[in-house]
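Structure, as structure tokens:
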Amino acid sequence: MMERESSDEEENDLENLIPQNDRSNDVVKSPNHRHSSAFQIDFNTGLSGASCIFNDKRYLLAIFLPTLILILYLTIDLKKLFQTHIPAIKDLGGSDSGSSRMRESELQALYLLKQQEFELFKMWNYTALLNKSDLNSVDNSSNFVNSSSVNHNGVLLLEDLKSRVFSQISLNKRIQGVLLSSHENEGFGGLDENYTDASLASWNRCGRVDQRLSGRRTIEWKPRANKYLLAICVSGQMSNHLICLEKHMFFAALLDRVLVIPSAKVDYEFNRVLDIDHINKCLGRKVVVTFEEFAEVKKRNLNVDKFMCYFSLPQPCFVDDEHVKKLKGLGLSLSKIEAVWKEDVKKPNQRTVQDVLAKFSLDDDVIAIGDVFFADVERDWVMQPGGPIAHKCKTLIEPSRLILLTAQRFIQTFLGKDFIALHFRRHGFLKFCNAKQPSCFYPVPQAAECINRVVERSNTPVIYLSTDAAESETGLLQSLVIWNGKTVPLVQRPTRNSAEKWDALLYRHGLDGDSQVDAMLDKTICALSSVFIGSSGSTFTEDILRLRKAWESASLCDEYLCQGELPNFIAEEDE
């Protein structure tokens, strides 16, 4: 192209030079034309003597030609005589540069168009999956459509389709920008105008989920005077105990009783991770007390008047002899432990409010019903965002103010507003998951692929990692989590450094180094993330999801790790 342009310019130059030559040759129109000149000498008249001396014209030419050239040089502007009109070219070097830029822009545009073509093919294939999903939702045995499943899957698929369309619109805009970049100083009749629908500007693929908290189904918690329910939680780790406490609160509200938080001598130190008084402020009345407050009120009369067990198997109240000894060590006098019905923690029955009221409505001052972590009472009501009890806060059981502020300071220091939180449960999870059908323990490379998809979908380039995995696993995971050709950093809480001030509040209040405080801090950071990836089967993950729903931070992109996939390799069971 550049060679053709140069050739055209040379042709134009020649065309402009030809008229100038024509004008200069007008002096001699034909070989026979004789034009009178001031310097012309007529040798036929008046110079017969000189003819003898200069009989050869060549001598005359030799004498007069130099004189003629000298006179012409002194009287004529030779620059104007030979000047040629050439079309104005601002900068030939600049023209070469512009052509080079245009060629580079076109190559970039072609590359982006190939990407768009690939994505459009993916969208075409995706429509086939939409149709297949709808077909799979049909119950062939009864010929009915499971409407709730279709609606849920339909929303997720629609959002994913919108995401793909949005990415193609963005890609198209990039192509336009590349093509227009080499012509930024030229007019193109509106080609640089933005025709994008304004509604796209506010659309977010991983936007927040509307929990509709104002429409919650709730029950009022108005305890009767001096009527108590002693909370007992023994199964699992802290997350299990927090879920157990939340269910105890529901039972206490149903039975119109004050809930007694377990003593740190028989359970976790809940006052280090929870603000107990926060619950009372949310209700506007005294609905929970610490064991120490309860003991102060009852003084020498520390009796459990009725010890009625919600669970009968594998043992009444799911309480072993060791725990009974600890309770008695607090100065409690226990009544006979007995079950009110047959209920197995491995296969709990679905129970209603009426079932609970029929068995546990008593007039005794202090009762206990044992561990209720596995209890399945009004599941949808209890598990709804914000919980089943009427209150003026976002949720009743949440991290203490000190832990919340520390989490916010950590996010401001290391993560920023947009980040993914990943709970990557590994320790003891291999055997636990492989005992389930299907297994929930994924090889690290497969887990990385699943994480990469969420990173791409959410367009978020940093991940907070909450894990108990060994460094060998986290190191491999870090090397495999990649977005746009770059490694995505997996950020973990560093060990305490006095130069860093994000955790100063915990240090000043003597809470640093406490494993339960650290665990609650991890939960809080995860609950505040833009997108959360959890571990299926983990109560740690479930408690994070509970907080995200209550705090209205849950995202459309939240999911369990490799949700909907099977591990690509599962070890055999040991004998």
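With labels modelled as points extended 7 Å from the Cα through the Cβ direction, what inter-label distance (nm, one decimal) is found for K347 paired with Q408? In this crude spin-label approximation the distance works out to 5.0 nm. Tell me, what % of the accessible area of the stretch 304-414 is carbon and sulfur with a 1.4 angstrom probe? That fraction is 48 percent.
Return the FRET efficiency for the residue pair S235, V165: r is the Cβ-Cβ distance, R0 is 60 Å, and the value is rounded to the nearest 0.05. It comes to 0.80.
Relative to the globular-protein estimate of 2.2 N^0.38 Å, the Cα radius of gyration of the stretch 261-397 stands at 1.12. The charge dipole of the stretch 216-314, taken about its Cα centre with unit charges on the Cβ atoms of Lys, Arg (+1), Asp and Glu (-1) only, comes to about 380 debye.
Counted by Cβ distance under 14 Å from A421, the other residues give a net charge of 0, where Lys and Arg count +1 and Asp and Glu count -1.
When the pairs K501/K523; K286/K417; K286/K359 are compared against a 28 Å limit on Cα-Cα distance, K286/K417 fall above it.
Other residues within the sphere of radius under 11 Å centred on the Cβ of L334, judged by their own Cβ, net out at +3 (K and R +1, D and E -1). In loop segments of the stretch 380-423 as defined by DSSP, the trypsin sites (Lys or Arg not before Pro) with at most 10 further C-beta atoms inside 10 Å of their C-beta are K392, K417. When both the stretch 367-446 and the stretch 270-326 are represented by their alpha-carbon centers, they are found 22 Å apart.
Applied to the stretch 439-454, the Karplus parametrisation 6.51 cos²θ - 1.76 cosθ + 1.60 on θ = phi - 60° returns per-residue 3J(HN,Hα) values of 5, 10, 10, 10, x, 4, x, 5, 4, 4, 4, 5, 5, 4, 5, 5 Hz, with x for Gly and Pro. Annotation: extensible slack from A571 through K392 equals 59.5 nm (criterion: 0.36 nm per residue apart, minus Cα-Cα distance).
The string of couplings for the stretch 229-234 from the Karplus curve (6.51, -1.76, 1.60, θ = phi - 60°) is 10, 7, 6, 10, 9, 10 Hz, one whole number per residue in order, with x for Gly and Pro. With a cut-off of at most 15 other beta carbons within 10 Å, and DSSP calling the residue loop, which chymotrypsin sites (Phe, Trp or Tyr not before Pro) in the stretch 466-575 qualify? Please list them. Passing both the DSSP loop test and the Cβ count: F569. Annotation note: trypsin sites (Lys or Arg not before Pro) in the stretch 428-532 located in DSSP loop regions with a Cβ neighbour count of at most 16 within 10 Å are K436, R496, K501.
Checking the Cα-Cα distances for K227/K326; K336/K436; K227/K281; K325/K436; K247/K325; K342/K392 against a 31 Å cut-off, the pairs over it are K336/K436; K325/K436; K342/K392.
Using a probe of 1.4 angstrom and keeping all protein chains present, the accessible surface of the stretch 402-520 works out to 51 square angstrom per residue.
The values are calculated or read from the model by the stated rules, or taken from the named source; none is laboratory data. Note that the coordinates shown come from a computational prediction; the quantities given were computed from them, not determined experimentally. So basically every Cβ, Gly included, is an ideal-geometry build from the backbone, and we count neighbours across all protein chains shown. These area figures cover heavy atoms from the full protein model, side chains too; ligands, DNA and RNA do not enter into them. Shrake-Rupley method; radii C 1.70, N 1.55, O 1.52, S 1.80 Å.
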